[in-house]
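S.K.: This is the structure I have questions about; it appears just below.
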2 protein chains.
Amino acid sequence: MNFRFGQKSLFSTSSRQNNALRALVYHKNGNPAEVMRAQTFEPLGKPGPSQVRVKLLLSPINPADINVIEGVYPDAPILRSDLVPKAGASSSLGYDREKPVFVGGNEAIGVVTDAGTAVQEFKAGDRVIFDKSQLGAWATYQNLEAAQLAKVDEDISDVAAATMRINPPTALLMLRSFTTLQPGDWIIQNGANSAVGQAVIQIAAALGVNTINLVRNRPDINNLMIRLHALGATRVLTYNELADKAMKQEVKKWTNGKSIKLGLNCVGGKDTTTMTGYLGKDAHLVSYGAMSKSPISLPTSYFIFKNLTCHGYWQSKWYNDHSKADRLGVYAEIMDLIRQKKVSYAARVTEP
Amino acid sequence: MNFRFGQKSLFSTSSRQNNALRALVYHKNGNPAEVMRAQTFEPLGKPGPSQVRVKLLLSPINPADINVIEGVYPDAPILRSDLVPKAGASSSLGYDREKPVFVGGNEAIGVVTDAGTAVQEFKAGDRVIFDKSQLGAWATYQNLEAAQLAKVDEDISDVAAATMRINPPTALLMLRSFTTLQPGDWIIQNGANSAVGQAVIQIAAALGVNTINLVRNRPDINNLMIRLHALGATRVLTYNELADKAMKQEVKKWTNGKSIKLGLNCVGGKDTTTMTGYLGKDAHLVSYGAMSKSPISLPTSYFIFKNLTCHGYWQSKWYNDHSKADRLGVYAEIMDLIRQKKVSYAARVTEP
């Protein structure tokens, strides 16, 4: 089964073979189409005393998951020597059954089917997300340390929960960590149609913050604009429109001369230079992605005379740097936004 | 008279005409060689009740002073309509005696010759620096508000005092404002032979902080290296040496694998990209100049995965943003560093 959901593909990992373990695995980094294999492994033993068995329900594919497989991402899953290929199962396409493997995927919703004797916080039937990066989401089930999991409230759908750990917190925390935004303030972002970009639009709208949203021109640009406006976008512009010099005056009219305090960048390259030129004094440019693979190039005067500060944001680092209580606090906040329909993607779910 | 002092030219503004006002002035922005004029004005009246008359003793030429005259700097002196060209004085080179003028220069040491009736904090003979930007330093004397001045301690030489307001505080505050440096830590800077660069070397050495100092290659490079080492530089490298890939390993040996926490940039362009590649995780790149006039171009991964933060630093802004007490505190700190010979340029003073 294959789901399409917003910017992401989700695949259902439910299976008729409840006992055997199926997973999407790779031995070595490279082009996912070449190095990934779907493989059946011998059933795992019962979870250890501090572990729970999690049946994975839905897992998205985030762009970063591809980078992890390619080996161009600083995070990597642990090498799994505990998985034993099922006797007689196909070892097609050159897959070497003798070698340890990595299990792909970083984000998932699962349900607890069995808990170790020392586990108090989870029981069978609890729905959970991973509270640690790169545990291996693309599997039918996993035995995991209870400490590596967090509970999902009952009123949060599987589809919402499967994608709540990375993109919505990235949006929420970027809006909050670098500058103090008041209702009526303005921000600008590129890649506005990305999963994070859509969450930024929605959360900013919930805060009363105005957004200028940059997207690539495309044949169905009007539909995209309508969709982003429906999410709460104040303005949507293509990069071409932004580069037009007359646009500076136009934007000043929109903002009533108020300076734009925050820029969010997931693209890089010359369009990001242009976008940064729209920021006001003492503004912050936060980069969380690099879809163009081009560097960020900025005149020095932006730093010295406009007092621009440039930061990076990486949700994995935020989780690593914060306590369990802080992490659970963010999950609770995101679940609250989902519950209030303040974060709700225009889901494009494709079922087979 | 003309003084050369470190990176700067200083000219003595003493004059035999103690009564008339001589100043370097311009009507309009442009190439200093074309728009600047030395002009004699009618003597100024007595200082007002809250004013003092300051006889200017020495004024440096900072690179930014040239940018102010060119009109490419965000700071500008006020237009002076109070200056009346002296009757009969030459109006050579097309200078228009009827138009208001700007007086050039931003930094100076002067001596109080006369104080208004309401002035309590200064008396004749007190040596002072400007406590406000762009008051017009290139004049024989000025009547200035007492509130715009700060006293210089008696044991600070004229030469040291004339250049204490801009460059040494820039060095001190950049070292302190963005990260906490401990003895044994490492920083890297380009333009290390600039006035700020030399102050950075000296203040860092006083703090026990190691410096890697980047300079352009030149015929007398060995002499420059010896001079910077004598100031306290830990290492000096040319940009060519830095760009050599083997240098990364060499620098790791110097730092014993310790990560470089702060980069100071007054150049921009590709050498700054290379320099930034030497910074460790969670480092800060601070730009305070742009001698190459090229932008700063950095891979997005530096921001996201190395958690680099890029800032600008502008001493004029720092002064504007801080209280009189804070400003006096910084002057006192710099005078203390001068007194302890921790900030002492290798002065190249040229007298006629």
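S.K.: Only one of these is within 29 Å of B:Gly312 (Cα to Cα) and either without any contact (Cβ under 8 Å) to a residue 40 or more places away in the chain or not assigned by TED's automatic domain parsing to the domain that holds B:Gly312 (or both): B:Gln189, B:Gln142, B:Gln134. Name it.
M.R.: Details: B:Gln189 fails: either without any contact (Cβ under 8 Å) to a residue 40 or more places away in the chain or not assigned by TED's automatic domain parsing to the domain that holds B:Gly312 (or both); B:Gln142 fails: within 29 Å of B:Gly312 (Cα to Cα).
So the residue among B:Gln189, B:Gln142, B:Gln134 that is within 29 Å of B:Gly312 (Cα to Cα) and either without any contact (Cβ under 8 Å) to a residue 40 or more places away in the chain or not assigned by TED's automatic domain parsing to the domain that holds B:Gly312 (or both) is B:Gln134.
S.K.: Which of the residues spanning segment B:250-274 are out of contact with any strand residue (DSSP E or B) (no Cβ under 8 Å at 6 or more places or on another chain), at pLDDT 95 or above and more than 13 Å from chain A (Cβ to nearest Cβ)?
M.R.: Once the filter is applied, which keeps residues that are out of contact with any strand residue (DSSP E or B) (no Cβ under 8 Å at 6 or more places or on another chain), at pLDDT 95 or above and more than 13 Å from chain A (Cβ to nearest Cβ), segment B:250-274 yields B:Glu250, B:Lys252, B:Lys253, B:Asn256.
S.K.: Please go through (1) part of a strand (DSSP E or B); (2) among the hydroxyl-bearing types (Ser, Thr, Tyr); (3) within 14 Å of chain A (Cβ to nearest Cβ) for B:Thr211 and return the number of the only condition it doesn't satisfy.
M.R.: (3)
S.K.: Something else about it: What do you reckon, is B:Pro43 in a loop (DSSP other than H, G, I, E, B), modelled with pLDDT of 90 or more, over 21 Å from the mean Cα position of the chain (by Cα) and over 21 Å from B:Val101 (Cα atoms)? Reasoning before the result, please.
M.R.: Numbers: in a loop (DSSP other than H, G, I, E, B): yes; modelled with pLDDT of 90 or more: yes; over 21 Å from the mean Cα position of the chain (by Cα): yes; over 21 Å from B:Val101 (Cα atoms): no.
The answer is no for B:Pro43.
S.K.: For segment A:291-341, give me each residue that is of a type in the set (Asp, Glu) and either touching a helix residue (DSSP H, G or I) at 6+ places or on another chain (Cβ under 8 Å) or more than 14 Å from chain B (Cβ to nearest Cβ) (or both). Please lay out each step first, then the result.
M.R.: Just the residues of segment A:291-341 that are of a type in the set (Asp, Glu), to begin with: A:321, A:326, A:333, A:336.
Residues satisfying the conditions are A:Asp326, A:Glu333, A:Asp336.
S.K.: Would a scan of segment A:275-285 turn up a residue that is in contact (Cβ under 8 Å) with a residue 40 or more places away in the chain, in a helix (DSSP H, G or I) and either within 14 Å of chain B (Cβ to nearest Cβ) or aliphatic (A, V, I, L, M) (or both)?
M.R.: yes
S.K.: In addition: Could you run through segment B:68-90 and say how many residues are surrounded by 14 or more Cβ atoms within 10 Å (Cβ to Cβ) and either over 25 Å from B:Ala161 (Cβ atoms) or modelled with pLDDT of 95 or more (or both)? Please lay out each step first, then the result.
M.R.: Step one: list which residues in segment B:68-90 are surrounded by 14 or more Cβ atoms within 10 Å (Cβ to Cβ), which gives B:68-69, B:73, B:75, B:77, B:80, B:83, B:85-86, B:89.
The next check asks that each one be either over 25 Å from B:Ala161 (Cβ atoms) or modelled with pLDDT of 95 or more (or both); those that pass are B:68-69, B:83, B:85-86, B:89.
Qualifying residue count for the region: 6.
S.K.: Any idea which of B:Thr211, B:Thr140, B:Thr170 is within 16 Å of the chain's Cα centre (by Cα), hydroxyl-bearing (Ser, Thr, Tyr), buried (at least 16 other Cβ atoms within 10 Å of the Cβ) and at negative phi? Give the steps one after another, and end with the answer.
M.R.: Details: B:Thr211 fails: within 16 Å of the chain's Cα centre (by Cα); B:Thr140 fails: within 16 Å of the chain's Cα centre (by Cα).
That would be B:Thr170, the only listed residue that is within 16 Å of the chain's Cα centre (by Cα), hydroxyl-bearing (Ser, Thr, Tyr), buried (at least 16 other Cβ atoms within 10 Å of the Cβ) and at negative phi.
Conditions tested, residue by residue: (1) basic (Lys, Arg); (2) under 28 Å from B:Ser301 (Cα atoms); (3) not assigned by TED's automatic domain parsing to the domain that holds A:Leu175.
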position	(1), (2), (3)
A:Thr211	no, yes, no
A:Val215	no, yes, no
A:Leu224	no, no, no
A:Arg235	yes, no, no
A:Tyr239	no, yes, no
A:Cys266	no, yes, no
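S.K.: With modelled with pLDDT under 95, of a type in the set (Gly, Ala, Ser) and within 18 Å of B:Glu107 (Cα to Cα) as the only criterion, which of B:Ala20, B:Ala64, B:Ala33 stands out? Steps first, please.
M.R.: Working: B:Ala20 fails: within 18 Å of B:Glu107 (Cα to Cα); B:Ala33 fails: within 18 Å of B:Glu107 (Cα to Cα).
Only one candidate passes the filter, namely B:Ala64.
S.K.: Among the listed residues A:Val159, A:Val251, A:Val200, which satisfies the condition of being surrounded by fewer than 22 Cβ atoms within 10 Å (Cβ to Cβ), under 13 Å from A:Val343 (Cα atoms) and either hydroxyl-bearing (Ser, Thr, Tyr) or touching a residue at least 12 places away in the same chain (Cβ under 8 Å) (or both)?
M.R.: On the way: A:Val251 fails: under 13 Å from A:Val343 (Cα atoms); A:Val200 fails: surrounded by fewer than 22 Cβ atoms within 10 Å (Cβ to Cβ).
When all the criteria are applied, what remains is A:Val159.
S.K.: For segment B:255-276, what are the residues that are farther than 30 Å from B:Asn67 by Cα and surrounded by 14 or more Cβ atoms within 10 Å (Cβ to Cβ)?
M.R.: Going through segment B:255-276, the residues farther than 30 Å from B:Asn67 by Cα turn out to be B:255-261.
Selection gives B:Thr255, B:Ser259, B:Ile260, B:Lys261.
S.K.: I'd like the full set of residues that are surrounded by 17 or more Cβ atoms within 10 Å (Cβ to Cβ) and small (Gly, Ala, Ser), limited to segment A:93-137.
M.R.: A:Gly104, A:Gly105, A:Ala108, A:Gly110, A:Ala115, A:Gly116, A:Ser133, A:Gly136, A:Ala137
The values are calculated or read from the model by the stated rules, or taken from the named source; none is laboratory data. Here the structure is a predicted model, which means the values were calculated and not measured. Note: ideal-geometry Cβ built from the backbone for every residue, glycine included; neighbour counts use all protein chains shown.
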